[in-house]
1. Using a basic spin-label model with each label point 7 Å from the Cα along Cα→Cβ, how many nm lie between Ala92 and Glu200?
2. Restricting things to alpha carbons, find the Rg to Rh ratio for the chain using the Kirkwood radius for Rh.
3. Would you list the membrane-span-like helices of the chain, meaning whole DSSP H runs whose alpha-carbon atoms span at least 15 Å along their axis and whose mean Kyte-Doolittle value is at least 1.0?
4. Could you tell me the center-to-center distance, by alpha carbons, between the stretch 90-123 and the stretch 176-227 in angstrom?
5. For the stretch 17-140, compute Rh as the Kirkwood radius over C-alpha pairs and then the Stokes-Einstein diffusion coefficient at 25 °C and 0.890 mPa s; write the answer in µm²/s, rounded to an integer.
6. I want to check the label-to-label distance for Ala335 and Ala212. Put each point 7 Å from Cα in the C-beta direction and report it in nm to one decimal.
7. Given the peptides 160-167, 31-38, 271-278, 308-315, arrange them by the average over their residues of other C-beta atoms within 10 Å, most packed first.
8. Share of Cα-Cα pairs in the stretch 161-263 beyond 18 Å, in percent?
Amino acid sequence: MNPLRHVFSAAALAVFAIAVVPAHAQGVIKIGEVNSYKAQPAFLEPYKKGMELAVEEINAKGGVNGKKVELITRDDNANPGDAVRVAEELVAREKIDVLTGTFLSNTGLAVADFAKQKKIFFLAGEPLTDKMTWQGGNEYTFRLRPGTYMQAAMLVPEAVKLNKKRWAVVYPNYEYGQSAVAAFKTLLKAAQPDVEFVAEQAPPLGKVDAGAVAQALADAKPDAIFNVLFGADLSKFVREGNTRGLFKDRAVVSVLTGEPEYLDPLKEETPNGWIVTGYPWYGIQTPEHKAFFLAYHAKYNDYPRLGSVVGYTMIKSVAAGIAKAKSTEPLKLVAAFKGLPVDTPFGKITYRAEDHQSTMGAFVGKTKNEGGKGVMVDYTYFDGAKFQPSAADVKKSRAAD
């Protein structure tokens, strides 16, 4: 046998062995992320930029526990079945350490159940249904954004001040819309017992017949409207509502409409005086937000959207949790996230032990058509910690966990 050949073979094997060493051993923390990028680009393109900025900042400071962070994303086609399929791929093929993401509430719930079955840590960034942390909550799932109950609780005091009796509701007919309307009805009834809900329109997500919906609401002659539509559905609804005079001398309370993702496209069609939750990036003067804004603008030469804040904060939360746990082992991460404080562009938040919900809040204000551009005015930041159910109520709702 040729000794040189033997030496060469041994060296080649050594090189090959180095090449196939698992990523974990090479000092990389893999964050797997699942989302509806093709279906919801207005929110999720800025969201992805926020995530990438956070990864860049974390790695520039040496990573987490001495390991660099790597982000691996997959598109779920806005479909719960596809969401579970790509989550399985991330776990089995990519060997991710942590699972994150999802936008639509139905896909979020599907991935949360997957995380429970596979016993992998999952931080949901965006899905707003209350089932994420209550009835459908599980040990392995945490959520960043304030859910439908929290946002409804922020809006109801403003709705009560309107002193309107006859209300109509319009929402996309899937988990998020149903959850938001249920929370608003329950909280408004409790605060104003004589309120009546005289009309309800629930078009399929992304398939609103805006003219018919606006006319049906107008025919019911409500004093006020609670709107949960967003994205392209919202734009179509506003256009048809303006055409039919639906909003003239009629109060509107609306979830999410003040977010630049949905407010910016309305342009000259922006209605005045809607009471909304949103993100007035142009007017937030806190040191935390200024630092985030400047970093984001320097990297992308653009202003952040709410998605940018969510993506950025989600990755920063994962890093803080891993640093505290000193591990990516799922149960150690679960323990670390309970009570975990995280610095965000909106100030410090905490992930509650009771329901795994963060205390991230939202801005509440009014829409204004300012020279053909939609903006938020008269806004206030509402701390999410003040709009959450009690530990006792949470325990009842999570009894099956």
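The values are calculated or read from the model by the stated rules, or taken from the named source; none is laboratory data. Everything quoted here is computed from the prediction, not taken from an experiment. Glycine gets a Cβ as well: all are built from the backbone with ideal geometry, and neighbour counts include every protein chain shown. Ligands, DNA and RNA are stripped out before the accessible areas are found, and what is left, the full protein with its side chains, is counted by its heavy atoms. Shrake-Rupley method; radii C 1.70, N 1.55, O 1.52, S 1.80 Å.
1. With each label point 7 Å from Cα toward Cβ, the separation is 4.0 nm.
2. Here the Rg-to-Rh quotient is 1.04.
3. What comes out of the filter, once short or polar helices are dropped, is 3-19, 210-220, 306-325.
4. Going from one Cα centre to the other spans 32 Å.
5. Answer from the Stokes-Einstein relation: 164 µm²/s.
6. Distance between label points: 5.6 nm.
7. Going from most to least packed, we get 308-315, 31-38, 271-278, 160-167.
8. Values: 2250 of 5253 pairs.
More than 18 Å apart: 43 percent of the Cα pairs in the stretch 161-263.
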